[in-house]
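The values are calculated or read from the model by the stated rules, or taken from the named source; none is laboratory data. Owing to the predicted nature of the structure, the values given are computational and were not obtained by experimental measurement. All Cβ positions, glycine included, derive from the backbone under ideal geometry; neighbour counts span all protein chains shown. Surface accessibility is based on the protein's heavy atoms, side chains included, excluding ligands, DNA and RNA. Shrake-Rupley method; radii C 1.70, N 1.55, O 1.52, S 1.80 Å.
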Amino acid sequence: MAKPKMTYQEFKDNVLVEHLTDAKGKPKHTRFYKKYFYMFRNQLREEFGPQLDLFYCSKPTCQFHNTYMFDGQATVMELEHDNRDTSDSRPENLRSLCALHHTQTLGYKNRSIPITEYVNKLINLQR
């Protein structure tokens, strides 16, 4: 018999929490539940607004704010953790970003300095 799918309420109660952990109590990254953000897209959007809609970038000025297509191909949005804790999946800590905007956030790839400062350091390596 197939394992029943997670319900929206179970998703909210068990995944949209401050300290998401695995069965052993170790912190677990939200990315392992990304399919559920798509599965419950309509409910999430209705309850928490467009920042959790993984079909669009939550930045209003972004080219992907109203579409997920680029050069005739679909693009996949990423979940950004505002406080940089990838096991903190509370809705107020998450937002959907395109890959370009996600790379510009503090903490992306464990970067501890703002992107402009990081790029300036890379430029200065050439001198």
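Using a cut-off of 23 Å between alpha-carbon atoms, which lysines can reach Lys24, once sequence neighbours fewer than 8 places away in the same chain are excluded?
Filter leaves Lys3, Lys5, Lys12, Lys34, Lys35.
Stretched out fully, how many nm does the piece from Arg31 to Tyr118 gain, at 0.36 nm a residue minus the Cα gap?
Length difference between fully extended and current span is 28.8 nm.
Is the C-alpha gyration tensor of segment 39-104 telling us rounded, prolate or oblate? Criteria: a/c under 1.5 is rounded; beyond that, a/b larger than b/c is prolate, otherwise oblate.
oblate
How large is the accessible surface per residue of the chain, computed with a 1.4 Å probe and reported in Å² as a whole number?
Per-residue value: 68 Å².
How many percent of the accessible area of the chain is carbon or sulfur, using a 1.4 Å probe?
Using a 1.4 Å probe with all protein chains present, the chain comes out at 52 percent carbon and sulfur.
Counting other Cβ atoms within 10 Å, which chymotrypsin sites (Phe, Trp or Tyr not before Pro) in segment 33-127 have at most 15 and lie in a DSSP loop?
Answer in residue order: no site qualifies.
Going 7 Å from the Cα of Tyr38 in the Cα-to-Cβ direction, what parts of segment 58-80 have a backbone nitrogen less than 19 Å from that spot?
Under cut-off, by backbone N: 58, 64-80.
For volume of the Cα convex hull per residue in Å³, one of (1) 110; (2) 160; (3) 134 was computed from the structure I shared and the rest are decoys. Which label?
Among (1) 110; (2) 160; (3) 134, the one calculated here is (2).
Using each residue's phi in segment 11-21, evaluate 6.51 cos²θ - 1.76 cosθ + 1.60 at θ = phi - 60° and report the 3J(HN,Hα) Karplus result to the nearest Hz, with x for Gly and Pro.
3J(HN,Hα) across segment 11-21, in whole Hz: 4, 4, 6, 10, 10, 7, 10, 6, 10, 6, 10.
If you plug each phi of segment 32-42 into the Karplus form 6.51 cos²θ - 1.76 cosθ + 1.60 with θ = phi - 60°, what whole-Hz ³J(HN,Hα) values come out, in order, with x for Gly and Pro?
Result, rounded to whole Hz: 5, 10, 4, 4, 6, 5, 6, 4, 9, 3, 5.
Compute the distance from the alpha-carbon center of segment 1-73 to that of segment 82-118, in whole Å.
If you average the Cα positions of each part, the centres end up 16 Å apart.
As a check on your grasp of the helix formula, calculate [θ] at 222 nm for the chain: sum -39500 (n - 2.57) over DSSP H runs of n ≥ 4, divide by the residue count, round to the nearest 500.
-7000 deg cm²/dmol
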